Amino acid sequence: MPAADRDPAYPTARNVIESGCERCPALVEHRECISWGTGPLDATVLVVGEAPGAGTPDADRWQGGNWTGMAYTSRHSGRRIRRMLAEIGYGDEAYYTNAVKCFPPDPQDPTSNREPTPDERANCRGHLVTEVEAVDPDVVLATGKHATKSVLAVEDRSIDGFLDSVLMPVRCDRLETQLVPILHPSYQDVWIGRLGYEPEEYLEAIRETLEEYCTSTDT
């Protein structure tokens, strides 16, 4: 079976930081589960997304973090980013989480997600900092513009053009790690050509960047 068709390893545990967190009333009202981080607490790479989507409750186990309670366990984005990391040798050395742990529903269509509000991002930022400090990764791999902005907010920094920042490492002094922005897996096929990569070349570029900054891997 081609690597692109194989399921990556499915997580079996989650890192619960604040059980029953109720900091964001609008999210508490609509969430099914808090989507906590998964992976080894000594991971060399910490993958950050924006927030869990609505998920697919009638799917197999890849229902999404809103239903499984575990970040990046959706049929599309979850499997894809985990497969990508496995293909470049970091399948056992990556921790997955989101900047906001609960599904933010769109008021016009509660089955789809909206962007988290600034207050929701701020409420959850302490959880993200706790995770980064606990894992102490060599690299934080931020998937997409909003995840990148959330990590940079910890450093009181921002970005202008996201595409120009992709695969451009940024030293984060407060978090004591290297931030590497990449495309969100859901939009990767749309934007990868704009970066001048073929899919295999893009994956190799991620591997080379991680290899440069990760000091203890089995790659």
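The values are calculated or read from the model by the stated rules, or taken from the named source; none is laboratory data. Fair warning: this is a prediction, and the values are worked out from it, not measured in the lab. Here Cβ is always computed from backbone atoms with ideal geometry, including for glycine, and neighbour counts include all displayed protein chains. Heads up: the accessible areas ignore ligands, DNA and RNA and are worked out on the full protein's heavy atoms, side chains in. Shrake-Rupley method; radii C 1.70, N 1.55, O 1.52, S 1.80 Å.
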Task: Only listed residue being acidic (Asp, Glu) and either in contact with a helix residue (DSSP H, G or I) (Cβ under 6 Å, 6 or more places away or on another chain) or surrounded by 14 or more Cβ atoms within 10 Å (Cβ to Cβ) (or both), chosen from ASP60, ASP109, ASP92 - done: ASP92
Task: Cross-chain or 6+ apart pairs with Cβ under 7 Å, the range 120-133 first and of a type in the set (Ser, Thr, Tyr), then open to solvent by 50 Å² or more (accessible area, probe 1.4 Å) and at pLDDT 95 or above - done: THR130/ILE17
TODO: May I ask you to verify whether PRO2 is farther than 24 Å from ASP109 by Cβ, over 15 Å from the mean Cα position of the chain (by Cα) and either at pLDDT 95 or above or open to solvent by 50 Å² or more (accessible area, probe 1.4 Å) (or both)?
DONE: yes
- [ ] Determine whether the range 31-47 contains at least one residue that is in a loop (DSSP other than H, G, I, E, B), in contact with a strand residue (DSSP E or B) (Cβ under 8 Å, 6 or more places away or on another chain) and open to solvent by 80 Å² or more (accessible area, probe 1.4 Å).
- [x] yes
- [ ] Search the range 148-185 for residues being out of contact with any Cys (no Cβ under 8 Å at 6 or more places or on another chain), β-branched (Val, Ile, Thr) and at pLDDT 95 or above, and hand back the single one that is most open to solvent (accessible area, probe 1.4 Å).
- [x] VAL170
Task: Selection count where residues are within 18 Å of PRO40 (Cα to Cα) and either assigned to a strand (DSSP E or B) or in contact (Cβ under 8 Å) with a residue 60 or more places away in the chain (or both), scope the range 59-84 - done: 7
